[in-house]
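Visitor: This is the structure I have questions about; it appears just below.
Values in this text are rule-based calculations from the coordinates and carry no lab data. Everything numeric in this text was worked out from a predicted model, so none of it was measured. Cβ: placed from backbone, ideal geometry, glycine included. Neighbour counts: every protein chain shown.
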Ligand SMILES: *Cc1c(COP(=O)(O)O)cnc(C)c1O
């Protein structure tokens, strides 16, 4: 397979298949072993598998970056391994050990390194997935699990890159309740968002903002990205209550804000009314990177934060984060794993 027909100058966040993917399986009660690289392609699965019937599965999302000089960098991959392991436990699946997870990711990235876009044009998006692959009729954990890693070159998640996006608060749907599975990347968390998000897109919004399911008052997340507000020069992000996904970008932004920009960072509940008073608002995630929010519509009012300009703190955080990821800036945090 060749990368000749990939237009690296006009990448979007869509799937492009690559040369190979990684597969390994594990019977319930056994240990995970290293797997193998196979050509990218379809897999065969029982219609009675627990993943197809009960959604027993999770995914991870991470990126490999190419530097100016052609070096290949992963960003905090051990954090994805830890989060996947936590998710496995929550979903009654055997934890994929960190070394198996990291080995699989590195193997896939190395074998598909020609699919990594040139520096700053995008990245190779990496998708580790774990799911119950054996058949079972009753609602009970699978007797066999599959761990796979595939990848795709991607560009910006939101059209236009670092241009402020328009959001609308969902008043009819919630993403995740307290004590549910919002804190892990369970596959079942994402399909319920397709309807509200699709409706919002039809109305010209880039995504929706979810409020907490208990009081319908506090900001939770922006689709599949974490929410941030700059208020009185401080960085505020919703605290992790269990319904919010603990983003690795979220954690990185907090470190950069505190340790590089010397800003106060508060993890606490933030009401939608308070968010509307912010100087700057943005969302953050591996796919979204840091995306400035230009406006938020809530009930019948639309609050404009920006008419196209990117706030100075948002821009600084973006520059520092992407500077580290693309290997332009010194990685004083020790976040980069070079292949
Ligand atoms: C993956 C994800 C995020 C972002 O997490 P990162 O580790 O920064 O990519 C935020 N919210 C949800 C719901 C997610 O699924």
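Visitor: Can you tell me the 0 to 90 degree angle between the C-alpha axis of helix 248-259 and the longest principal axis of the chain, rounded to 10?
Guide: Value to nearest ten degrees: 50.
Visitor: While we're looking at this one, here's another question. In the Gaussian network model of the chain, springs joining C-alpha atoms below 10 Å, which of 105, 23, 253 carries the largest mean-square fluctuation?
Guide: Residue with maximal mean-square fluctuation among 105, 23, 253: 23.
Visitor: Taking Cα atoms of the chain, Rg/Rh with Kirkwood Rh, to two decimals?
Guide: 0.96
Visitor: What percent do you get for the relative contact order of the stretch 3-154 when only Cα pairs under 8 Å and 6+ apart count?
Guide: Rounded, it is 36 percent for the stretch 3-154.
Visitor: Based on alpha-carbon positions alone, could you give the equivalent ellipsoid semi-axes of the stretch 165-325 from the gyration tensor, as √(5λ), descending, whole Å?
Guide: Working through the eigenvalues yields semi-axes of 23, 18, 15 Å.
Visitor: Also, quick follow-up: For residue 279 paired with residue 30, estimate the spin-label separation in nm (one decimal), with each label point 7 Å from Cα along the Cα-to-Cβ line.
Guide: Those two pseudo-labels are separated by 5.8 nm.
Visitor: Provide the gained length on full extension for the span residue 171 to residue 121, in nm with one decimal, where the gain is 0.36 nm per separating residue minus the Cα-Cα distance. Walk me through the numbers before you get to the answer.
Guide: On the way: separation 50, 0.36 × 50 = 18.00 nm, distance 3.61 nm.
Stretched fully, the residue 171-residue 121 segment lengthens by 14.4 nm.
Visitor: For the chain, what relative contact order do you get, as a whole percent, if you take Cα pairs closer than 8 Å and at least 6 residues apart?
Guide: Values: 747 pairs, mean separation 65.2, N = 339.
Reported relative contact order: 19 percent.
Visitor: Using only the alpha-carbon atoms, how far is helix 77-90 inclined from the longest principal axis of the chain? Give it as 0 to 90 degrees, nearest 10.
Guide: 80 degrees
Visitor: I want to check the label-to-label distance for residue 9 and residue 203. Put each point 7 Å from Cα in the C-beta direction and report it in nm to one decimal.
Guide: 3.8 nm
Visitor: Between residue 135 and residue 241, what is the label-point separation in nm under the 7 Å Cα-to-beta-carbon projection?
Guide: 4.3 nm
Visitor: Zone of residue 264 (label point 7 Å along Cα→Cβ, backbone N under 19 Å): which residues in the stretch 299-339?
Guide: 313-314
Visitor: Using R₀ = 30 Å, calculate the FRET efficiency as 1/(1 + (r/R₀)^6) where r is the Cβ-Cβ separation of residue 90 and residue 304; round to 0.05.
Guide: 0.15
Visitor: Mind pulling the angle between the C-alpha long axis of helix 312-325 and the longest principal axis of the chain? Nearest 10 degrees, somewhere in 0 to 90.
Guide: The helix 312-325 is inclined about 20 degrees to the chain.
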